[in-house]
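To start, the structure under review is shown below, and the notes come after it.
The values are calculated or read from the model by the stated rules, or taken from the named source; none is laboratory data. As the structure is a prediction and not an experimental result, all values here were calculated from the model. No Cβ is skipped: glycine too gets one built from the backbone with ideal geometry, and neighbour counts run over all protein chains shown. What goes into the accessible areas is simple: the full protein's heavy atoms, side chains included, and nothing from ligands, DNA or RNA. Shrake-Rupley method; radii C 1.70, N 1.55, O 1.52, S 1.80 Å.
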Amino acid sequence: MSSNIGVLKDIRKKVGEENFQILSVLSGLVAMMIFFSMASPYFFTMNNMMTVALQTSIIAIIAIGQTFVLITTGIDLSIGSNMAIAGIITSLCLVNGVPMVIAILLGLLSGIIAGLINGLLIVLGDLPPFVVTLGTMSIVRGLALVITKGIPVSGLPKAFRYIGNGKVFDIPFSVIVMFLLTGIFGFILSKTKLGTHIYACGSNIEAARLSGINTKKTLIQVYVFSGFLAACSGIVLASRIASGQPSAGIGYELFAVASAVIGGTSLAGGEGIITGTLIGALVIGVLRNGLNLMGVSAFLQEILIGVVIILAVFADRIKRR
């Protein structure tokens, strides 16, 4: 009982620190927006803000799942491939006459299965998350290429394309999905027993086990969440580009990690909050959009984003010391 109380106190302390981290990242985001507004008259317009939100939504959704994984000191490198296979399965079902709801559910199921396999291999096989998800990243990407023979699946119905391109009261539907998923999974992480268990596993997995937490079940659930959210993002992307692309999602796992880290999630585990991850994804989206408007080359943009990621990790290391 005393061990449980100690774990809970430690978690509450960290949540308070994370709230301060959110304010810091949010301040940086506001400062960045002010700078780009001064640098370009086209930045702070309603159309451009909607464009930034639309571009950010896909990365933010997968970053939510990556946050869960990182909090437990793991990593999921397979999310980009899971995005591709979910989009392909959904697209193939649609072009073959499967009802849209069932097609989407099958696409989501592919992500859940991929996440479950990752979790089982890591927990039951006692294998490093980096190695397992690196392997499944290659396997799933290969499946996507085999199924499609490297050819995009096109001819998707107009109703499906609404998910990625439609609007509700001038707000992109994919942005609404992003905020909805942020609210749901933010609630799970911060307000439920499962969320407490996830933080406990990341802080000290052995202490969590001794406190009576089913650590194996918790870790498997975390990777299932990551697979499910990757599938959500893949379906939104397929809808947006109106095709199932076997090359979709390449490199997105790095953007997901960057969003989480910038938003205050620690690579050492035990710290992170979904709101911070959303802000981190917005930082990357605003940075890329602002640099594009300023005419900065795509190559230089990659360098600057890499610098921002390193600075975020460095800041986390200083905070821990």
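Values as computed for the structure displayed
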item	result
Neighbours by Cβ (under 7 Å, 6+ apart or cross-chain): first from segment 125-144, over 17 Å from I75 (Cα atoms); second part of a loop (DSSP other than H, G, I, E, B)	A144/P246
Single unsatisfied condition, G155 versus (1) open to solvent by 30 Å² or more (accessible area, probe 1.4 Å); (2) under 21 Å from C93 (Cα atoms); (3) assigned to a helix (DSSP H, G or I)	(3)
Residue selected from segment 166-194 under the condition among the polar types (S, T, N, Q) and more than 16 Å from the chain's Cα centre (by Cα), by the criterion surrounded by the fewest Cβ atoms within 10 Å (Cβ to Cβ)	T192
Among (1) outside any helix (DSSP H, G or I); (2) closer than 21 Å to A63 by Cα, the one test that I310 misses	(1)
Pairs, first closer than 24 Å to G150 by Cα in segment 236-262, second basic (K, R) and not in a helix (DSSP H, G or I), C-beta under 7 Å, six or more apart	none
The one condition in (1) β-branched (V, I, T); (2) at pLDDT below 90; (3) under 18 Å from I112 (Cβ atoms) that I205 fails to fulfil	(3)
Flag for F299 being aromatic (F, W, Y), surrounded by fewer than 24 Cβ atoms within 10 Å (Cβ to Cβ) and in a helix (DSSP H, G or I)	yes
Inter-residue pairs, beta-carbon under 8 Å, first under 24 Å from Y42 (Cα atoms) and in segment 295-314, second open to solvent by 60 Å² or more (accessible area, probe 1.4 Å), 6+ apart	V296/L304; Q301/R288; Q301/N292; I305/R288
Any hit, segment 259-271, residues being charged (D, E, K, R), under 12 Å from the mean Cα position of the chain (by Cα) and within 25 Å of G195 (Cα to Cα)	no
Checking R141 against (1) among the charged types (D, E, K, R); (2) over 20 Å from the mean Cα position of the chain (by Cα); (3) open to solvent by less than 50 Å² (accessible area, probe 1.4 Å), the condition it does not meet	(2)
Criterion: open to solvent by less than 20 Å² (accessible area, probe 1.4 Å) and either over 12 Å from F68 (Cβ atoms) or of a type outside the set (F, W, Y) (or both) - qualifying residue of T218, T275	T218
Helices (runs of 4 or more DSSP H) contained in segment 1-96 and holding at least 2 residues within 21 Å of N165 (Cα to Cα), open to solvent by less than 10 Å² (accessible area, probe 1.4 Å) and at pLDDT 90 or above	46-71, 79-95
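Every residue, every condition in (1) in contact with a strand residue (DSSP E or B) (Cβ under 7 Å, 6 or more places away or on another chain); (2) on the phi < 0 side of the Ramachandran plot; (3) without any contact (Cβ under 8 Å) to a residue 24 or more places away in the chain, yes or no:
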| residue | (1), (2), (3) |
| --- | --- |
| V25 | no, yes, no |
| N47 | no, yes, yes |
| A84 | no, yes, no |
| I88 | yes, yes, no |
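Residue-by-condition table, conditions (1) of a type in the set (S, T, N, Q); (2) surrounded by 20 or more Cβ atoms within 10 Å (Cβ to Cβ); (3) assigned to a loop (DSSP other than H, G, I, E, B):
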| residue | (1), (2), (3) |
| --- | --- |
| T196 | yes, yes, no |
| I213 | no, yes, yes |
| S226 | yes, yes, no |
| L237 | no, yes, no |
| S247 | yes, no, yes |
